[in-house]
Every structure is written in structure tokens, then in C-alpha cells.
1. Within region 324-337, does at least one residue satisfy the condition of being within 17 Å of T274 (Cβ to Cβ), part of a helix (DSSP H, G or I) and charged (D, E, K, R)?
2. Quick one: would you say G410 is in contact with a Pro (Cβ under 8 Å, 6 or more places away or on another chain) and not hydrophobic (A, V, I, L, M, F, W, C)?
3. Residues F206, F279: which one is assigned to a loop (DSSP other than H, G, I, E, B), within 16 Å of the ligand (Cβ to nearest atom) and farther than 25 Å from Y405 by Cα?
4. Among the listed residues A318, A341, A362, which satisfies the condition of being away from the ligand (no atom under 16 Å from the Cβ) and either out of contact with any helix residue (DSSP H, G or I) (no Cβ under 9 Å at 6 or more places or on another chain) or within 20 Å of V233 (Cα to Cα) (or both)?
5. With the requirement that a residue be open to solvent by 10 Å² or more (accessible area, probe 1.4 Å) and either hydroxyl-bearing (S, T, Y) or away from the ligand (no atom under 16 Å from the Cβ) (or both), what does region 105-121 give you?
6. On the basis of being of a type outside the set (D, E), buried (at least 23 other Cβ atoms within 10 Å of the Cβ), away from the ligand (no atom under 16 Å from the Cβ) and farther than 19 Å from K340 by Cα, does P197 make the cut?
7. Just checking, which of V173, V146, V223 is in contact with an Asp or Glu (Cβ under 7 Å, 6 or more places away or on another chain), modelled with pLDDT of 95 or more and away from the ligand (no atom under 16 Å from the Cβ)?
Amino acid sequence: MTIDDDPSGGGERSSPPVPERGTAHELRRYEALFAARTRGMRSSAMRDMMSLTERPEVISLAGGLPDTSTFAPELYAKLMSKVAAESTARALQYGPTEGMACTVECIVEVMAAENTHVDPDEVLVTTGGQQVIDLMCKAFIDPGDVIVAEAPTYPGAVPTFDAYQANVVQIEVDSDGMPIDELEATLDRLDSEGRSPKFIYTIPNFQNPGGVTMSLPRRRRLVEVAREREILVLEDNPYGLLRYEGEPLPTLHSLDAQKAKRGGASDFIVYLGTFSKIFSPGVRLGWAVAPRPVMEKLNLCKQGADLCSSPVTQLFVAAYFQERSPSGKPAWLEHLDSLKALYRTRRDAMLRALEEHFGSSAQWTRPQGGLFIWATLPDYIDTTDLLARALESEGVAFVPGRSAYLDGRGASSMRLNFAGMPEQDIGEGIRRIGKVVREQVGLFGTLTGAEPAPAEQPPASVDPGLAQVVELPNREQRESKRRSS
Ligand SMILES: Cc1ncc(COP(=O)(O)O)c(C=O)c1O
């Protein structure tokens, strides 16, 4: 119990108890003081849910969490001791805003694993990849400025875009990511309205939340479009190294750098990377790679935000990257291999469970990597309402689709994380969601007289093709649906 919970006021205070006041009164008291930009601010759906989903009885398929339980505790202790023994003063001191050289070296190594060669002087170490999104908005967005993003988009970027009062235009993805011809049509329209976007925001690999990957022809065309129109692209790539099958695709940064012919530097791509999904979100370290003038502005913006990212965790990451497995392989790459094997199994478990418990009442994506599956239910089901029911009656959570849109769309979709839970919890979690979905489908049938979707399907064996491609309805299907409605 805290002192605020104690009706006696902690037993030591002699002043009379303060009468209770409603939240409305409290709000009014500060309202006039808040900046205008706070009016559009919304809490991230995932952040809100973290407190609910931390209840031990809840199976949460909601978070963006990687599994950190597989990291060897002895190695963690060894690395922390090493930092303490060898670098106490540096670890406890402020560091440079752009990041410590030893950490930048690790970033260059991760980027090389993505076949992307970067100049260390173009790297800014940040407090998570999330800070890159914030700094990009801080550096480029005045209220009303346009950002073009995918639909759905990363739910964690939505509150940031809101906070800077950006006008976000979202382009619906299909199984090959953002359709670039639609992007070009949108850019033409915006141009004709005198509203050129400040940047295009894309998550090309195993998109959060859609699970889709941008095809190579679209990557090439996107880079051409950025160059032709001189628009920046923020390439958000936390998941590129978490590929479970298929061939890796080049980063937008590397494609642009080929064209720029400036020794690996890119002209129009700002690259966002992070240690969160390949190692640990707890170290809160990410990075931006950007053309020098952009880098300088981002650096200035970061100075105002936090001066520098934690030297303690920067040194920890640097110590980790020096570790070698008995075979001589870098320990981080070995750990990455084990994460990929684990997540692949979990993805397959979720796909099987979806076949079994969602059956014909839903469509879902089949990602080749990353952490997420995006499921879409019949459009009369609102997943925000469904979440309340699922949490209350079944103790299971997911991210409702609306949180991935800025304009209220996405109501019948949900994001499911397959990486952070053991296989049996994935199966059980999907079974519980499937149960609430079937109840809703049945209720709709009763109320409207419509044929309810078939009840629970018999277990289906996994189609070997499942893991190949994503099944977002493609554009032709969407268009013919639109025409016929
Ligand atoms: C697409 C995307 N971008 C950025 C982030 C931010 O990650 P972090 O701040 O942990 O590096 C995430 C986290 O889930 C993400 O999925």
C-alpha cells in the first residue's frame, strides 16, 4: 500500500483528510495549460495494454515482444561484469550524442549482415528505433505536414505522428507491400493540392503489423520515385535479419546508395535499425543512418531529447559483439540463429492454430519472418470490442487493428504476436480468441438471419505452402469488392 492508498494518510499526518475530487475537476485544472499538440495525442494501444497483459492469467499475443528468456544468464552476468571491471568511469559518464565509437562499430557490423555498407560518420545511436521516428518528426514535421505511410502501419508510430500533428496519408499494402503505383498516384494528387509529403514511412520487411514484405521490383521503384521527386524515405527495418525462409532482399538504403555512387552513402533513405529484436529491447538502443545534413539535424534534435543514449548499455552491446562462440562465430549471430529457429516454430504453431480455430471466418497473413500475423475477420466484427470481451471472458489479448490506422480503419483486423509466447500458449491463446470470434459470428447470424460461418473446423494439417507468401487480399480482389459494393 502506498501512502496515497492509506485512508489514515500514513498515520503520521495531522492535517484533515483532503476531500475527494473527480478526475474531471483535475483535468479542467490543467487543461488550459497543455500545449495544443497534446489534444491530438493518443496513447499507444500496446503501451495501454501492457499493464493489463502483465496479469499472469492473461495470454498476451498483443505485445511486440521478442523472447528474451533464451539469452544465457551467465553470459549476461559476464558481460555486465566486464563493463563494470573495464569501463566503470565511461559507463557512468555522459557519452557523445552521436553514440560511442565501439557501439557504432557493432551497428556497421549489423548493417553489413543486411548487405548494407555504411559510413560510421552517418550513424546516429538512438534510444531505441522509436526515437528515430520521433526525431524524424521533430526535424521535419510542422503541424499539418504530410507523411505518407503504409496501411496498416506500425502502431507505435501512430502516437508519434499524432504528437507532431502530422497529416498522415496511408496507402493500403497488399501481399507485396506498398503498391508503388498507388503511391505515385497519391503523390501526384498531393502535389496538385500543394501538399508534398516530408517523408514516406515504410517497414519493408515482415511489416509490423501486416507481416508483409515489399517485393524487389517495388523496392527498386520506390527508390526511383524518391530520387525523381526528391522525397525522403524512412526505412524502418527492425526485422530484416529475422527471416525464416526465402532469400533476403536488399535494403532501400543499399539500392539508393548504388545509384548515389557516393561510397555507400544514400541520398534519400533514412534507415532505422534497432538491437531490440535481434538482441534485447531492454538495452533501448537503435540507430539512424542518414545523409550528413539530415544526420546533423537529427543529432541536434536528439541533444534536446536526451543528450545521449545510455553509455552503460552501449558498452554492454559492444562487449556482447566481441563475444565468440566455440566455433569462432560471433555470439550475436549464433543467438540470432537460435531466435530464428524458435520464432519459425512459433509462427508455424500460430498458423496451425489459426487454421484450426479461426477457419473460414477469417483471413490472415503468412509472414516469412518477423514477429507478427495480421488477421482480418468479417467486417461486422469490431476487434476493439472483441478485445474487451476476449480479455474479460477468456483472458487473452491481441492488438486491435484500429491502432495501426490514423483514420479509424482497421476495425475488423487484429495483430497477433507469435514470438513472445511458448507454443502451447500460442495454441491456447488462438483457441480462446477463436471462441469469442465464433460467438460474435453466431450472434450476427442470430440477429440478421445470415448464415453463420462454420463452427470449429477439424484440425488441418499445415500446408507446406503456408510459409511462402502472405495472403493479404490483393488489389484486384479489393477493387472488384469495392466495385461490387
Ligand atoms: C516497425 C517498428 N519500428 C520501430 C520499433 C521500435 O523499436 P525499439 O524502440 O525497441 O527499437 C518497433 C518495435 O516494435 C517496430 O516494430
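The values are calculated or read from the model by the stated rules, or taken from the named source; none is laboratory data. Computed from a predicted model, the values in this text were never measured in an experiment. Cβ atoms come from the backbone with ideal geometry, glycine included; neighbour counts cover every protein chain shown. Only protein heavy atoms, including side chains, enter the accessible area calculation; ligands, DNA and RNA are left aside. Shrake-Rupley method; radii C 1.70, N 1.55, O 1.52, S 1.80 Å.
1. No, that holds for no residue.
2. When the stated conditions are applied, G410 passes them.
3. Answer to the check: F279.
4. A341
5. E105, V108, E109, A112, A113, N115, H117, V118, D119, P120, D121 - these are the residues of region 105-121 that are open to solvent by 10 Å² or more (accessible area, probe 1.4 Å) and either hydroxyl-bearing (S, T, Y) or away from the ligand (no atom under 16 Å from the Cβ) (or both).
6. Details: of a type outside the set (D, E): yes; buried (at least 23 other Cβ atoms within 10 Å of the Cβ): yes; away from the ligand (no atom under 16 Å from the Cβ): yes; farther than 19 Å from K340 by Cα: yes.
Yes: the conditions hold for P197.
7. On the way: V173 fails: away from the ligand (no atom under 16 Å from the Cβ); V146 fails: in contact with an Asp or Glu (Cβ under 7 Å, 6 or more places away or on another chain).
Of V173, V146, V223, the one residue that is in contact with an Asp or Glu (Cβ under 7 Å, 6 or more places away or on another chain), modelled with pLDDT of 95 or more and away from the ligand (no atom under 16 Å from the Cβ) is V223.
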